[in-house]
Amino acid sequence: MNRAIAVTGTDTGVGKTRIASALLLALRATGAQVAGYKPVASGSDATAEGLRNEDALALQAASSPGLRYDEVNPVTFAPAIAPHIAAQREGRPIPLATLDQGLEALRARHAWVVVEGAGGWRVPLTDRVDFADWVTGHRLPTLLVVGIRLGAINHSLLTAEALKAAGLWLGWIGNVLPEEDTGTAEEMLQTLQARLGAPLGIMACGEAPEALARRLDVETLSQAWASLQG
């Protein structure tokens with residue numbers, strides 16, 4: 001069965017790419033063919049090959065070999081701003097059909113596809129459709145990346161509530177951020193665990209995706225994914 005999951009975050013800059021990369025590496029270690037997918041990216045550099053986004057390149061590197069960049073990231077904008085605003089400024093609407101086709105093409109060839117959103121759960125893609133709508137339309141079980149810093153508890157509970165209401169709650173992973181300098185990370189994690197259940201993993205501050213990948217329980221992830229099907 002070709003499985004796909006989405007990765008969203010409590011905010012922008014909370015470590016979605018590092019967590020998604022760790023997931024891809026953990027799944028690859030089982031011998032599965034895996035692909036990272038960044039449908040829309042903003043904040044990209046001009047290169048001889050075209051615009052390239054750092055997050056999408058990281059997903060490409062963590063995926064099984066052979067993926068072209070445009071397969072990982074079909075829609076790219078240069079400014080590091082919300083994608084729908086970049087699209088408006090450039091007069092280049094985000095083509096939802098292209099995002100759909102890219103996902104299905106990857107699913108046809110890979111056992112797992114890990115889809116990373118831009119920003120948080122409700123980031124707009126068009127004037128009427130946001131990332132939440134697109135993920136819900138594809139019924140993608142969704143993992144929440146919680147950036148452990150001031151405000152994380154509120155953002156986490158609200159996002160988890162939305163994911164559970166949509167029937168897409170896959171679980172959460174905490175990422176302790178450098179700005180969490182109040183010394184309350186452990187208490188925050190305990191609060192989140194009490195409210196959201198045990199996390200699938202915790203990434204220590206500055207930890208490499210490879211290290212988290214070695215600790216992730218792929219079997220638990222697979223079971224959680226299967227429980228949301230049907």
Between a residue in the range 4-19 that is closer than 15 Å to Gly151 by Cβ and in contact (Cβ under 8 Å) with a residue 12 or more places away in the chain and any residue that is in a helix (DSSP H, G or I) and open to solvent by 10 Å² or more (accessible area, probe 1.4 Å), which pairs come within a Cβ distance under 7 Å, given they are 6 or more apart or on different chains? Gly9/Lys16; Thr10/His155; Thr10/Thr159; Asp11/His155
Across (1) surrounded by fewer than 16 Cβ atoms within 10 Å (Cβ to Cβ); (2) touching a residue at least 24 places away in the same chain (Cβ under 8 Å); (3) more than 21 Å from Ile5 (Cα to Cα), Asn154 clears everything bar (2)
When the range 180-229 is examined, which residues are found to be within 18 Å of Trp112 (Cα to Cα), exposed (fewer than 12 other Cβ atoms within 10 Å of the Cβ) and small (Gly, Ala, Ser)? Ser227
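Can you pull out every residue in the range 1-55 that is in a strand (DSSP E or B) and on the phi > 0 side of the Ramachandran plot?
Restricting attention to the range 1-55, the residues satisfying the condition of being in a strand (DSSP E or B) are 3-9, 34-37, 40-42, 44-47, 50-53.
Listed by number, the list holds a single entry, Gly50.
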Counting just the residues of the range 79-115 that are small (Gly, Ala, Ser) and outside any helix (DSSP H, G or I), which one comes out most open to solvent (accessible area, probe 1.4 Å)? Ala80
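May I ask you to say which residue of Ala80, Ala61, Ala48, Ala41 is farther than 16 Å from Val218 by Cα and at pLDDT below 95?
Ala80
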All conditions in (1) over 11 Å from Leu170 (Cα atoms); (2) modelled with pLDDT under 95 are true of Ser227 except (1)
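Out of the range 56-78, which residues are touching a residue at least 24 places away in the same chain (Cβ under 8 Å), part of a loop (DSSP other than H, G, I, E, B) and either more than 18 Å from Arg92 (Cα to Cα) or of a type in the set (A, V, I, L, M) (or both)?
Correct list: Ser63, Ser64, Leu67, Ala78.
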Under 8 Å between Cβ atoms, which residue pairs at least 6 apart in sequence (or on different chains) link something in the range 207-230 that is more than 22 Å from Thr17 (Cβ to Cβ) and touching a residue at least 60 places away in the same chain (Cβ under 8 Å) with a partner that is open to solvent by less than 30 Å² (accessible area, probe 1.4 Å) and of a type in the set (A, V, I, L, M, F, W, C)? Leu228/Leu168; Leu228/Leu170
Residue under question is Asp127, and the condition is that it be surrounded by fewer than 17 Cβ atoms within 10 Å (Cβ to Cβ) and touching a residue at least 24 places away in the same chain (Cβ under 8 Å); does it hold? yes
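The values are calculated or read from the model by the stated rules, or taken from the named source; none is laboratory data. None of the values given here were measured: they were computed from a predicted structure. FYI the Cβ positions are ideal-geometry reconstructions off the backbone, even for glycines, and counts take in every protein chain you see. We work out accessible area using only protein heavy atoms, side chains counted, and drop any ligands, DNA or RNA first. Shrake-Rupley method; radii C 1.70, N 1.55, O 1.52, S 1.80 Å.
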